[in-house]
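Take a look at the structure below.
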Amino acid sequence: MLTNKPTVRRSPLHAKLEDGRVECRICERRCKIPEDERGYCRTRVNWGGELYTLTYGDLSAVESRPIEIKPFFHFWPGSTAITISTWSCNFPCPWCQNWHISKTIPNPETASYTPPEYVISKAIEHGDEGTCVSFNEPLMLFEYSLDLFKKAREKRLYNTYVSNGYMTTEALELLTKAGLDGLKIDVKGDPEVYRKVLNADGTVPWRNAEYALKRGIHVEIVCLLVTGISDSEEVIDWIIEEHLKRLGPETPIHFTRYYPAYRYGEPPTKIEKLEYAYERARKEGVLFPYLGNVAGHPYENTYCPGCGKAVIKRYGYSVVKYKITKDKRCK
Ligand code: SF4
């Protein structure tokens with residue numbers, strides 16, 4: 001029986017339908033899964049009218065990483081987080097930068113199990129200040145995250161998600177209650193990009209970012225400007241407008257450079273396109289725009305919105321100068 005495997009667990013968010021299918025309510029795909037079949041992401045299965053996850057503690061990575069690399073620039077700067085991932089994804093991005101894990105279908109027969117306690121002990125051993133579920137979509141580890149976050153909180157560690165933001169509100173609420181402190185959401189483009197390329201609803205990540213902010217979770221937005229997909233002025237302008245409308249001027253937004261990967265071979269994002277996004281965001285009133293994947297660019301730094309001085313200087317994802325006092329003023 002596969003249900004005896006430690007990486008196979010009952011999943012809390014689902015509804016039984018009259019025809020024997022089960023509706024998964026973890027992400028907004030809301031897959032209606034027939035008996036003995038898996039949902040879109042291939043990590044959840046309907047067995048006997050119950051929803052099971054196949055990836056509980058089936059970890060593809062356990063690594064201590066700087067929080068800036070996520071990127072989170074306004075959350076525990078200079079700290080490190082024990083970072084974990086599993087397999088598969090609920091999005092089909094052809095340019096996926098982590099395709100080696102996101103395009104792998106989990107196999108509970110051969111999976112190895114890592115308990116949440118092990119992850120916490122590794123964090124403490126490394127001197128990490130928090131946890132992060134990242135690399136592939138963290139919702140693939142939703143059930144595990146709930147247990148991990150509660151245990152991490154008990155040890156005074158922070159908890160973060162690096163996500164496409166496509167969770168249901170119910171899932172986000174459970175994560176919040178379990179101890180989610182920081183949420184980085186990848187916005188893939190305007191609603192047209194979501195509809196045409198991802199077969200998804202482009203309003204969901206913004207709804208969730210807004211919800212998370214209201215629940216006191218630290219939020220940062222990242223847009224990978226993919227050549228020919230999301231690097232047009234029209235798409236960039238839409239994202240900036242939505243960002244300001246939904247999240248306000250103080251929420252950081254990162255425009256990051258894409259490189260060819262997986263099944264998408266267009267050249268890397270032109271630097272001028274990234275600079276356009278940064279400058280446009282500034283002009284429209286975003287206080288903390290950033291560029292990413294362009295090491296050494298001055299737009300990686302944090303500038304004081306009051307006096308314009310560079311108060312946090314970065315190189316790549318490392319902080320090289322920090323000029324802010326304990327009460328959050330320029331030195
Ligand atoms: S988490 Fe997976 S199974 Fe559940 S709704 Fe999303 S894609 Fe479907």
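Partner lysines whose Cα lies under 21 Å from the Cα of Lys283, excluding those fewer than 8 positions away in the same chain, are identified as Lys245, Lys270, Lys273, Lys309. If you plug the beta carbon distance of Arg10 and Asn199 into 1/(1 + (r/R0)^6) with R0 = 25 Å, you get a FRET efficiency near 0.35. Using 7 Å Cα-to-Cβ label points, what is the Arg207/Ala61 separation (nm, one decimal)? Computed distance between label sites Arg207 and Ala61 equals 3.0 nm. Phi-derived couplings, Karplus 6.51 cos²θ - 1.76 cosθ + 1.60 at θ = phi - 60°, listed residue by residue for the range 182-196: x, 10, 9, 10, 8, 9, 8, x, 8, x, 5, 4, 4, 5, 6 Hz, with x used for Gly and Pro.
Taking the alpha-carbon centroid of each part, what is the distance from the range 81-98 to the range 132-176 in angstrom? That distance is 14 Å. Listed by chain and number, the aspartates and glutamates whose alpha-carbon sits under 16 Å from that of Lys151, ignoring those within fewer than 8 places in the same chain, are Glu117, Glu125, Asp128, Glu129, Glu143, Asp181. Rounded, prolate or oblate: pick one for the chain, where a ≥ b ≥ c are the square roots of the eigenvalues of its C-alpha gyration tensor, a/c under 1.5 means rounded, and failing that, prolate if a/b is larger than b/c, else oblate. It comes out prolate by the Cα gyration axes. Using R₀ = 35 Å, calculate the FRET efficiency as 1/(1 + (r/R₀)^6) where r is the Cβ-Cβ separation of Ser121 and Tyr322; round to 0.05. So the FRET efficiency works out to roughly 0.75. Taking the alpha-carbon centroid of each part, what is the distance from the range 253-313 to the range 45-79 in angstrom? Comparing the Cα centres of the range 253-313 and the range 45-79, I get a distance of 25 Å. Backbone geometry of the range 317-324 corresponds, through the Karplus equation with coefficients 6.51, -1.76 and 1.60 at θ = phi - 60°, to 3J(HN,Hα) couplings of 10, 9, 7, 9, 8, 10, 10, 10 Hz, x marking Gly and Pro.
Counting GluC sites (Glu not before Pro) as exposed when in a DSSP loop with at most 16 other beta carbons within 10 Å, what is the longest stretch of the chain free of them? Don't jump to the answer; show the numbers that get you there.
Values: sites that count: Glu18, Glu35, Glu37, Glu109, Glu129, Glu250.
The longest uninterrupted stretch comes out as 130-249.
Once backbone amide H atoms are built at 1.01 Å from N, Tyr303 has Val311 as its partners under 5 Å, excluding neighbours fewer than 5 places away on the same chain.
What the Cβ-Cβ distance of Lys155 and Lys214 gives, at R0 = 22 Å and to the nearest 0.05, is a FRET efficiency of 0.25. Charge dipole (Cα centre; +1 on Lys/Arg Cβ, -1 on Asp/Glu Cβ; no other charges) of the chain amounts to roughly 920 debye.
Here, each number is a calculation from the coordinates, and none is a lab measurement. On a predicted model such as this, the values are computed, not experimentally measured, just so you know. Here Cβ is always computed from backbone atoms with ideal geometry, including for glycine, and neighbour counts include all displayed protein chains.
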